[in-house]
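All remarks here apply to the structure that follows.
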Amino acid sequence: MYGLATSRITVTRGTTPDQFGDAVPSGTVVYQGIADIQEISNRYFDRATQTPRTVRDLDMAVSSAADIRSGDLVHDSTFGLDYVVLDVVREFGPLTRGDTTCGLKRVG
């Protein structure tokens, strides 16, 4: 991993039906390790309402060997936070594979 690790994470995948037939997370661990989770803020000016806006995004960088997919749940054990993975970008170049970058949404 090339990014500066800020968190120790556990990534889980899959669902199972509970006693009522509702889908609940199964807790199947697909990755445990370190990650770089950062909040990025972008400021925009909305011309229609003449109001400045701030849009905040959560990005996570993990090792390129991590098998992470959209919909996976991420538990940050360093800060006790939970996220869901929105999108995954696997970057690569001619000689090396860069970190896997994921867009996150905080849940719980």
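Using label points projected 7 Å from each Cα along Cα→Cβ, tell me how many nm separate R43 and F79, to one decimal.
The answer from the label model is 2.2 nm.
Skip the ligands, DNA and RNA, and give the accessible area per residue of the range 7-107 with a 1.4 Å probe, whole Å².
On the way: 6610 Å² over 101 residues.
Counting only protein heavy atoms, the per-residue value for the range 7-107 is 65 Å².
The range 54-108: which trypsin sites (Lys or Arg not before Pro) are DSSP loop and have at most 13 other beta-carbon atoms within 10 angstrom? Present the calculation step by step, with values, prior to reporting the outcome.
On the way: sites: R56, R69, R90, R97, K105, R106; in loops: R69.
Here the sparse-neighbourhood loop sites are R69.
Going by Cα centres, the range 1-51 and the range 65-94 are how many Å apart?
Using only Cα atoms to place each centre, the spacing works out to 6 Å.
Could you look at the chain and say what percent of its accessible area is carbon and sulfur, using a 1.4 Å probe and all protein chains?
Numbers: 3780 of 7220 Å².
In the chain, the share of accessible area belonging to carbon and sulfur is 52 percent.
With the contact rule set at Cα under 8 Å and sequence spacing of 6 or more, what percent relative contact order holds for the range 7-107?
25 percent
Let me check I have the definition right: for the range 68-108, take the eigenvalues of the Cα gyration tensor, multiply each by 5, take square roots. What are those semi-axes in whole Å, largest first?
Numbers: eigenvalues 118, 26, 8 Å².
Calculated on Cα positions only, the semi-axes equal 24, 11, 6 Å.
With Kirkwood's inverse mean 1/r over C-alpha pairs for Rh, give me the Rg to Rh ratio of the chain, two decimals please. Mind showing how you got there, number by number?
Details: Rg = 16.5 Å, Rh = 15.4 Å.
Result for the chain is an Rg/Rh of 1.07.
Between L86 and R53, 0.36 nm times their residue separation minus their Cα-Cα distance comes to what?
Extra length available between L86 and R53 comes to 9.7 nm.
The values are calculated or read from the model by the stated rules, or taken from the named source; none is laboratory data. In this text, all values refer to a predicted model and were calculated from it rather than measured experimentally. All Cβ positions, glycine included, derive from the backbone under ideal geometry; neighbour counts span all protein chains shown. In case anyone asks, the SASA skips ligands and DNA or RNA and just uses the protein heavy atoms, side chains included. Shrake-Rupley method; radii C 1.70, N 1.55, O 1.52, S 1.80 Å.
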